[in-house]
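Asker: Before I ask anything, here is the structure I am working with.
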Amino acid sequence: MTTILKKIEVKGNGLMKNRECCVQILPSSKGKIRFFVEESKEPIIFDVESVISTDHCVVLGNGKTKVMLTEHFSAACAFLGIDSLDVHISKPEMPILDGSAKEWVELFKKAGYEKSEKVSYSVKEPVYYLNGKTHLVIIPDKELNITYSVQYDHPELDHTWVSFNGRGEDEIISARTFGYLKDLRKFQLFGFARGVTMENTVGLNGESYTTKLRSCFEPVKHKILDLIGDLYLTGVNPLDLKAQIIVKEAGHAVHIKAAKMLKNKLIKI
């Protein structure tokens, strides 16, 4: 079990609704990540069975309250091995901050965190999700390797594959969320993406981007970041897996479907 050493406080606006949210993150000895939304005393447990929606972002709920946009926060927890926290939030959407996991990681490092012994896992049999163009496959291997493929209407992101094997993690952690600039107004009319800024989102604009990239193929690296945050909902850190994970043209909905299958096939090694 790994938790932080002191309380963290941060404020920021949500990506979807653009409402300011105040967050207090407290050390915990419960061995799980729990979200307390507004004045609710009944926590939302960070678990794949708590997922109630994957429209635009991951939404967790307990039947009474919900919390949106947990994936960047949970990816930051995964990279540092943190698995025990009490998170109190004033609004049902986590702040987007800089659009990646970078600021969450920095906050955790500033607070300090206990380091526990690393435990490795694998899968007792392969996990497959195949649906048309969308593929997600997890098979046992000697080390972790994640390969993600995207196909977007952009010259740099057309049939583009990016791999991550644990090295160069800063580029994954700092990869920001993204989307087509042409779709932004439409999403905002439907009540989404109202917190998008030039700083927190990479816009795909014809053959260019709306902001300078932090690294090559940053949008694909953000997909890997999302995947790590989503698979952590199994209760096992995906960065502790000895497996090949190959994903093609997927998103949160597929990540969560795979996480539900993966949860029942994990083995400690």
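The values are calculated or read from the model by the stated rules, or taken from the named source; none is laboratory data. What you see is a predicted model, and the numbers here were worked out from it, not measured in a lab. Cβ coordinates were reconstructed from backbone atoms using ideal geometry, including for glycine residues, and neighbour counts include every protein chain displayed. Only protein heavy atoms, including side chains, enter the accessible area calculation; ligands, DNA and RNA are left aside. Shrake-Rupley method; radii C 1.70, N 1.55, O 1.52, S 1.80 Å.
Asker: Does H222 count as at pLDDT 95 or above, part of a helix (DSSP H, G or I), buried (at least 16 other Cβ atoms within 10 Å of the Cβ) and in contact with an Asp or Glu (Cβ under 8 Å, 6 or more places away or on another chain)?
Answerer: No.
Asker: Right, something else. Based on this model, can you work out whether Y129 counts as open to solvent by less than 70 Å² (accessible area, probe 1.4 Å) and assigned to a strand (DSSP E or B)?
Answerer: Spelling it out, Y129 is indeed open to solvent by less than 70 Å² (accessible area, probe 1.4 Å) and assigned to a strand (DSSP E or B).
Asker: Would the stretch 171-180 turn up any residue that is farther than 23 Å from G195 by Cβ, assigned to a strand (DSSP E or B) and modelled with pLDDT of 95 or more?
Answerer: no
Asker: Considering only the stretch 51-62, state which residues are without any contact (Cβ under 8 Å) to a residue 60 or more places away in the chain, open to solvent by less than 20 Å² (accessible area, probe 1.4 Å) and under 17 Å from L85 (Cβ atoms).
Answerer: Across the stretch 51-62, the qualifying residue is only L60.
Asker: Kindly provide the set of residues from the stretch 26-44 that are out of contact with any Phe, Trp or Tyr (no Cβ under 8 Å at 6 or more places or on another chain) and under 15 Å from E93 (Cα atoms), ordered by number.
Answerer: Within the stretch 26-44, F36, V37, E38, E39, S40 qualify.
Asker: Same structure, new question: I'd like the full set of residues that are open to solvent by 50 Å² or more (accessible area, probe 1.4 Å), within 20 Å of E218 (Cβ to Cβ) and either in a strand (DSSP E or B) or in contact with a Ser or Thr (Cβ under 7 Å, 6 or more places away or on another chain) (or both), limited to the stretch 82-113.
Answerer: K102
Asker: How many residues are over 18 Å from H159 (Cβ atoms) and aliphatic (A, V, I, L, M) when one looks only at the stretch 195-222?
Answerer: Residues in the stretch 195-222 being over 18 Å from H159 (Cβ atoms) and aliphatic (A, V, I, L, M): 4 in total.
Asker: Restricting attention to the stretch 63-76, and to residues there that are in a loop (DSSP other than H, G, I, E, B) and open to solvent by less than 40 Å² (accessible area, probe 1.4 Å), which single residue is farthest from G14 (Cα to Cα)?
Answerer: Residue satisfying both the conditions and the ranking: T65.
Asker: Can you find, within the stretch 149-191, the residue that is surrounded by the most Cβ atoms within 10 Å (Cβ to Cβ) among those that are among the hydroxyl-bearing types (S, T, Y) and over 21 Å from L15 (Cβ atoms)?
Answerer: The residue in question is S149.
Asker: Starting from residues that are assigned to a strand (DSSP E or B) and open to solvent by 30 Å² or more (accessible area, probe 1.4 Å), keep the ones in the stretch 203-219 and report whichever is farthest from V48 (Cα to Cα).
Answerer: It comes out as S208.
Asker: Next question, about the same structure. Out of the residues in the stretch 27-50 meeting the condition of being in a strand (DSSP E or B) and open to solvent by 50 Å² or more (accessible area, probe 1.4 Å), tell me which one is farthest from K110 (Cα to Cα).
Answerer: I45
Asker: So which of A250, A258 is open to solvent by less than 10 Å² (accessible area, probe 1.4 Å), at pLDDT 95 or above and either of a type in the set (G, A, S) or over 26 Å from S50 (Cα atoms) (or both)?
Answerer: A258
Asker: Also: Which members of the stretch 114-124 meet the condition of being modelled with pLDDT under 95 and open to solvent by less than 90 Å² (accessible area, probe 1.4 Å)?
Answerer: The answer is E114, S116, V119.
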